[in-house]
Amino acid sequence: MKGDEDAGQVFSNGHTTSSNRSTPRKSLHTALNGNTSTLNGSSPTVKNGPIKRISAIQSATYRGHDREEVVRILIQGLLDMGYSDAASVLSTESGYELESPSVAAFRSAILDGNWSEAEAILLGSHRLEQAPGLHEDDDQYGEGLVLAEGADRGEMLFWIRQQKFLELLEQRELGVALTVLRQELTPLGQDIHQLHALSTLLMCPPEDLRTKAHWPGTVEESRKMLLQDLSRSIAPSVMIRDHRLAELFDQVKQNQINQCLYHNTSIPPSLYSDHLCDRDDFPSRTSFQLEDHTGEVWHVQFSHDGSMLATASQDRTVNIYDTVTFKCLHILKQHNAEVTYVAWSPDDTKIITCSQDCKARVFDVETGRLHVTLEHQTVDSNYGITAAAWGPDSMSVVTASHDRNSQLCHWNLLSSEPERPVHVWPRGFRVQDVAITDDGHWLVALDPQNIIRVFDMHTYREEPPIKTSGKMTSISLSRDGSTVLVNLAIGEVHMIDLATRETVRKFRGQKQGEFVIRSCFGGAAENFVVSGSEDGKIYVWHKENETLVETLSGHGPGQGGKECVTTVDWNPKDAGMFASGGDDRKVRM
Amino acid sequence: MGLTYNVYLNSAKIFGCKNCKTHLADFDDIISRNFRGQHGKAFLFATVVNIKQAEAMERNMTTGRHIVRDIKCKQCDETVGWKYDKAYEASEKYKEGKFILESELLCTVT
């Protein structure tokens, strides 16, 4: 890294001297800069003086930071914010340029669609032709742009030529496009699959071209995207990543949030001071108790807008509360057995309840009326419905059961026969808990033994499953759908990344073994992980650093003489409120 | 108590409660078929699932004195067999901690 930066400095210094010494170079220089901002156009001429002043007066570092790095990032930041005059003044005074002329030329070549020029700069041949063997010290000219570690020049060429090809296609210059494909893209020997995909685009009607090629709206946008892709492969010291200053600030803020144990606000921290949340803002006291249930409370769930709370109980009822007044809005009594699960539709107009009587029921939240009863078709009706998950349209729902012959059913409430499933997954496993990502693409199903099954909701096809180390009791998704939380019967909560399938965090401390215990993400920015426990306490961990933030006393002993917090849920809109349900028949806020 | 779901076994042949078909034991886990209960033929298992255990009591059996407790189906409370807590005869010690399910009170579920 350091070596690269030094090289960059030598490069720009060498360049300025050369531009003053040799006339052929200078003309080339202005030609290259023709299209860039005033900053790049004006700086080379006034550069030599300031450089000397720096070495005389100022040290090479700024409080331990590389002066060139800091100044260049500042220049970029100023330009980003629209202070182009200030940026050029800074550049003049410091003697550092945001980008070397060749990078500027490369950028403008790409954005103007000047492909041969761009390729030439990338490969360095441009220089060789026009200024053969002029300077020994700037040998990078011969090699083209300095690339990032591990970047592949061939791949970058491929991207450029692919853009050229696609643009030709869009102009309906099919013959030229075909020549580009045959004579420029194919010989590069890059991604064969991509080549095939590109060749099929030749046949594609122009109106489908953009979607099929995953192309953004306009030529300008797609060029910008290409430039972004390319810039990732160019050494960061030569071409600074876009919006680097903002990126650094983001990192600082995220880091402060990660360090802040009781962080529970969605307002981003200020840059002026170090950020720290007060413990008093953390909801650690019971503010309200709901005591309407006559049986153990097995599941609590806030509506998506946070205005209502649904509680499911052993006493065969589901209660819906207003979360401001805590008045009970509805008591849903139609169940013939214990209710183990409730789920709000994404638009909060409907709620589905899952009961041990082998039926799932959809209720209208406004009226509290039973909308439809769903029943898995199976050989013997001995299996309760364990869980349900809504599709993003609030009209389709997937229900889960322990029944090996009919474990997952997909229903459409809009169809003429809503009681008939639109899809039944092939038999052969059991499901205890399900969740669907907010975009409706992925279904995650918990096979209680030790497998998390992932299904594509568009094709119903199963992805490779995720194996865990032991028996699991519940699953919950993060808001962005990228990670899941699973409770393991050995007394751990694991956070698993759905993309990499790795367990990224482990939270320990809660007691579990016999019963179904549920957990969830919580807090304003989902900074916490909360879980119930078989010792009657509620465990709260910091999501990023796995620290146990709080152990709150939750629920007292129930009829069985045991104290157990079965379920927790954090209000998605009011970060200062979460609910828990347990053996003592109460719901605490 | 907390919420508990019944444990479901996954083998090809499973013994369930005759009354409610709740899974009780895996056919392949039988240790011995050479037992007799109140209702005739009975099987010895090392592990059974979804049962509740009653109070321990001393009982004189054909093979001698034992401390046993009845076991019931967790789902429907039907007695399905018993568990050996303690055997006094040295030759019967192997039964300690193991379970008897009576064939007559079982059904096979798939």
Item to complete: Order by neighbour count: B:Lys83, B:Lys13, fewest other Cβ atoms within 10 Å first, most last.
Response: B:Lys13, B:Lys83
Worksheet item: What whole number of Å gives the distance from the Cα centroid of segment A:218-233 to the Cα centroid of segment A:516-537?
Response: 43
Response to the item:
Here the FRET efficiency for A:Cys328 versus A:Asp278, based on Cβ atoms and R0 = 41 Å and rounded to 0.05, is 0.75
Discussion item. Please compute the modelled spin-label separation between A:Arg182 and A:Asn405, points set 7 Å along Cα→Cβ, answer in nm with one decimal.
Written reply: 6.3
Worksheet item: Pulled fully out, how much extra length does the chain show between A:Glu173 and A:Ser287, if you take 0.36 nm times their separation in residues and subtract their Cα-Cα distance?
Response: 34.0 nm
Item to complete: Determine, from the Cβ-Cβ distance of B:Met57 and B:Ala90 and an R0 of 22 Å, the FRET efficiency 1/(1 + (r/R0)^6), rounded to the nearest 0.05.
Response: 0.55
Worksheet item: Exposure proxy check: A:Ser88, A:Ser231 ranked by fewest other beta carbons within 10 Å?
Response: A:Ser231, A:Ser88
Worksheet item: Alpha carbon centre of segment A:340-402 versus segment A:285-301: separation in Å?
Response: 21
Discussion item. Given points 7 Å out from each Cα along the Cα-Cβ axis, report the A:Thr503 to B:Lys41 separation in nanometres with one decimal.
Written reply: 4.4
Practice prompt. Any lysines with Cα under 23 Å of the A:Lys350 Cα? List them, leaving off those in the same chain fewer than 8 positions away.
Written response: A:Lys327, A:Lys333, A:Lys359, A:Lys573
Worksheet item: What nm distance separates the two modelled labels at A:Glu247 and A:Arg369, each placed 7 Å from Cα along Cα→Cβ?
Response: 5.7
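Looking at this model, which pairs from B:Lys21/B:Lys98; B:Lys18/B:Lys72; A:Lys471/A:Lys511 are more than 18 angstrom apart at the alpha-carbon?
As for pairs spanning more than 18 Å Cα to Cα, those are B:Lys21/B:Lys98.
As a test of the formula, what do you get for the protein assembly as shown when each DSSP H run with n ≥ 4 contributes -39,500 (n - 2.57) and the sum is divided by the residue count, at 222 nm and rounded to the nearest 500 deg cm²/dmol?
Rounded to the nearest 500, it is -7500 deg cm²/dmol.
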Fill in: Euclidean distance between Cα centres, segment B:12-64 to segment A:79-126, Å
82
Item to complete: Rank these for me by crowding, A:His335, A:His263, going from fewest to most other beta carbons within 10 Å.
Response: A:His335, A:His263
Response to the item:
Rounded to 0.05, the calculated FRET efficiency for the beta carbons of A:Asp456 and B:Arg33 at R₀ = 51 Å is 0.60
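Just so you know, all these numbers are worked out from the coordinates, no wet-lab data involved. Worth saying up front: this structure is predicted, and the values here are computed from it rather than measured. Every residue, glycine among them, receives a Cβ derived from its backbone with ideal geometry; neighbour counts consider all protein chains shown.
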